[in-house]
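Q: Dropping the structure in here first, questions after.
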Amino acid sequence: MTAPTSSGAAVVTLPTDSQILITREFAAPSQLVFRAWTTPDLIRRWWHANRGEVTVAEVDLRVGGRWRFVQVTPDGFEVAFSGEYREIVPGQRLVWSEIYERMPDAPALQTMTLTERDGRTGMTILGEYGSRQVRDAVLESGMEAGMQDALSLLERVAVSEH
C-alpha cells in the first residue's frame with residue numbers, strides 16, 4: 001500500500017505493512033534542519049506542535065547516546081518518547097530507536113535522511129514498526145496532525161537560525 005494519506009506539507013505513505021514514510025521539503029539548509037532536530041533548546045521550540053510545552057529535551061548526540069523528549073499538554077497529559085541514537089551523519093542522516101513511553105513494548109526504528117539542493121532540504125523519515133497493528137495504532141493516534149504542525153514549526157526554527 002503506497003497511497004498518500006496526507007493533506008499537509010509533509011506526505012505520509014505506507015511502503016509496507018510495518019512502515020510509515022514521511023517526506024517533506026524545508027526552506028533551509030540541511031545543517032540547520034539537522035541542528036533544529038538535535039539541539040535541546042531548538043527542540044523545545046518545535047516538538048510541542050502547538051499542543052503544550054516541551055518540559056524535557058535531552059540529547060546525547062553520539063552513537064549509543066540516549067534521547068528523551070517530554071511534552072505536557074494544557075490539560076496535563078504527558079507525552080514522552082525516548083530512544084537511542086544508532087547512526088549519526090551531521091546534516092545528512094540520523095537513525096534512532098524510538099519508544100512511546102506509554103507503549104514500551106512497541107519500539108520503532110526511525111531513519112531520517114536529509115538531502116540539500118539550492119539551500120533547500122528534502123527530508124525523508126522511514127519509521128519501521130514491529131507489526132501492521134503497531135503501525136496502524138501509530139497512524140490512528142493522531143500522529144499525522146501533530147507531525148504536520150511540528151514540522152512546520154521545525155522549518156520556522158531552522159530558517160530563524162540562518
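The values are calculated or read from the model by the stated rules, or taken from the named source; none is laboratory data. From a predicted model like this one, the values you see are computed outputs, not experimental measurements. Reconstructed Cβ throughout: ideal geometry from the backbone, glycine too, with neighbour counts over all protein chains shown.
Q: Specify the residue that is nearest to Gly146 (Cα to Cα); the eligible residues are those in the range 27-79 that are within 15 Å of the chain's Cα centre (by Cα) and β-branched (Val, Ile, Thr).
A: Filtering first and then ranking leaves Val79.
Q: Now a separate question. Among the residues of the range 124-131, are any in contact with a helix residue (DSSP H, G or I) (Cβ under 9 Å, 6 or more places away or on another chain), in a loop (DSSP other than H, G, I, E, B) and surrounded by fewer than 18 Cβ atoms within 10 Å (Cβ to Cβ)?
A: Within the range 124-131, not a single residue is in contact with a helix residue (DSSP H, G or I) (Cβ under 9 Å, 6 or more places away or on another chain), in a loop (DSSP other than H, G, I, E, B) and surrounded by fewer than 18 Cβ atoms within 10 Å (Cβ to Cβ).
Q: Determine which member of the set Ser18, Ser82 is touching a helix residue (DSSP H, G or I) at 6+ places or on another chain (Cβ under 7 Å), farther than 18 Å from Gly142 by Cβ and either without any contact (Cβ under 8 Å) to a residue 12 or more places away in the chain or of a type in the set (Ser, Thr, Tyr) (or both). Don't jump to the end; show me each part of the working.
A: Numbers: Ser82 fails: touching a helix residue (DSSP H, G or I) at 6+ places or on another chain (Cβ under 7 Å).
So the residue among Ser18, Ser82 that is touching a helix residue (DSSP H, G or I) at 6+ places or on another chain (Cβ under 7 Å), farther than 18 Å from Gly142 by Cβ and either without any contact (Cβ under 8 Å) to a residue 12 or more places away in the chain or of a type in the set (Ser, Thr, Tyr) (or both) is Ser18.
Q: Something else now. Conditions: (1) surrounded by fewer than 17 Cβ atoms within 10 Å (Cβ to Cβ); (2) modelled with pLDDT of 95 or more. Ala27 meets all but one. Number of the miss?
A: The number of the failed condition is (2).
Q: A further question follows. For the range 87-123, which residues satisfy the criterion of being in a strand (DSSP E or B) and among the basic types (Lys, Arg)?
A: Arg93, Arg117, Arg120
Q: Ala145 - would you say it is modelled with pLDDT under 95, part of a helix (DSSP H, G or I) and either surrounded by fewer than 19 Cβ atoms within 10 Å (Cβ to Cβ) or not hydroxyl-bearing (Ser, Thr, Tyr) (or both)?
A: Criteria met by Ala145.
Q: With Trp47, Trp67 as the choices, which residue is over 17 Å from Ser141 (Cβ atoms), buried (at least 18 other Cβ atoms within 10 Å of the Cβ), touching a residue at least 12 places away in the same chain (Cβ under 8 Å) and hydrophobic (A, V, I, L, M, F, W, C)?
A: Trp67
Q: Taking the range 10-54, which residues are of a type in the set (Gly, Ala, Ser) and in a loop (DSSP other than H, G, I, E, B)?
A: Hits for the range 10-54 are Ala10, Ser18, Ala27, Ala28, Ala49, Gly52.
Q: For the range 50-64, enumerate the residues that are touching a Lys or Arg at 6+ places or on another chain (Cβ under 8 Å) and in contact (Cβ under 8 Å) with a residue 24 or more places away in the chain.
A: Val56, Asp60, Val63
Q: I'd like to know if the range 71-78 contains one or more residues that are assigned to a loop (DSSP other than H, G, I, E, B), without any contact (Cβ under 8 Å) to a residue 40 or more places away in the chain and under 20 Å from Asp136 (Cβ atoms).
A: No.
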